[in-house]
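The values are calculated or read from the model by the stated rules, or taken from the named source; none is laboratory data. Small disclaimer: the values here were computed from a predicted structure and weren't measured. Cβ atoms come from the backbone with ideal geometry, glycine included; neighbour counts cover every protein chain shown. The area values use the complete protein model at the heavy-atom level, side chains included, leaving out ligands, DNA and RNA. Shrake-Rupley method; radii C 1.70, N 1.55, O 1.52, S 1.80 Å.
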Amino acid sequence: NKADLGGGLYCYTSNALITNNTFFLNEANPGGQGGALYCFWNSDPILTNNIMWNDTGPGGPDEISIDGTSNPTVTYCDVEGGTGAPWFGVGCIDTDPMFLDPAGYNLHLSTGSPCIEAGINSAPVLPTRDFNHETRINGTVDMGVDEYYAYPALELHVPSQYLTIQDAIDAAANGATILVQN
């Protein structure tokens, strides 16, 4: 996504609840701000369990930008370059999320990702299912749009893990087996 303000999301007089999302490769146009998120005019969104990585503004990495009237609450998020920002809150990290294949836009978390079980289960409006329609909470919730699952023998199951065959194909690594129920 590209925009003048907030390449991924623009909050204008908003107190949005933003939970378990992944912002990746969004861009603020030249002269703009907030590659992933721009907060303007008394916007106080609450961000929890999100990943904001590799989003840019005119000067380089630019995940969250705010005007002088906004005050986002950011907790349990992985925000590139966020360390030291006034909104960088409890449970936040600034560490490569270790996507499975970011060049191929496969944003599943790989084994060893610091985002695995790094979220908080009491996040506001926590979805019960992730992007692939898999159960969201298996212990402690992960940061981002997708829960990490280590599949024995690289088996993916339709419809118990993925609603459609195409969803399973999109998530499959090389050599994976997709099993479809009758």
Residue in the stretch 6-28 that is open to solvent by less than 30 Å² (accessible area, probe 1.4 Å), modelled with pLDDT under 95, more than 29 Å from I137 (Cα to Cα) and not basic (K, R) present: no
Which numbered condition S65 misses (of (1) open to solvent by 60 Å² or more (accessible area, probe 1.4 Å); (2) modelled with pLDDT of 95 or more; (3) more than 30 Å from I165 (Cβ to Cβ); (4) not charged (D, E, K, R)): (1)
The stretch 21-41 residues that are more than 13 Å from N1 (Cβ to Cβ), paired with ones that are assigned to a strand (DSSP E or B) and among the aliphatic types (A, V, I, L, M) (beta carbon under 9 Å, 6 or more apart): Q33/L5; Q33/I66; C39/I64; C39/I66; F40/L5; F40/I66
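Give the stretch 99-123 a look and list any residue that's assigned to a loop (DSSP other than H, G, I, E, B) and farther than 12 Å from M143 by Cα, or say none.
Y105, S110, T111, G112, S122
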Those residues of the stretch 74-113 which are closer than 19 Å to C39 by Cβ, surrounded by fewer than 20 Cβ atoms within 10 Å (Cβ to Cβ), among the aliphatic types (A, V, I, L, M) and in contact (Cβ under 8 Å) with a residue 24 or more places away in the chain, in sequence order: none
Long-range neighbours under 7 Å by Cβ, at least six apart or interchain, first residue small (G, A, S) within the stretch 166-182, second open to solvent by 60 Å² or more (accessible area, probe 1.4 Å): A173/L154; G175/L154; A176/L154
Selection within the stretch 4-25 - under 16 Å from V74 (Cβ atoms) and out of contact with any strand residue (DSSP E or B) (no Cβ under 7 Å at 6 or more places or on another chain): S14, N15, A16, N20, N21
Subset of the stretch 124-178 (residues that are in a strand (DSSP E or B) and open to solvent by 70 Å² or more (accessible area, probe 1.4 Å)): R129
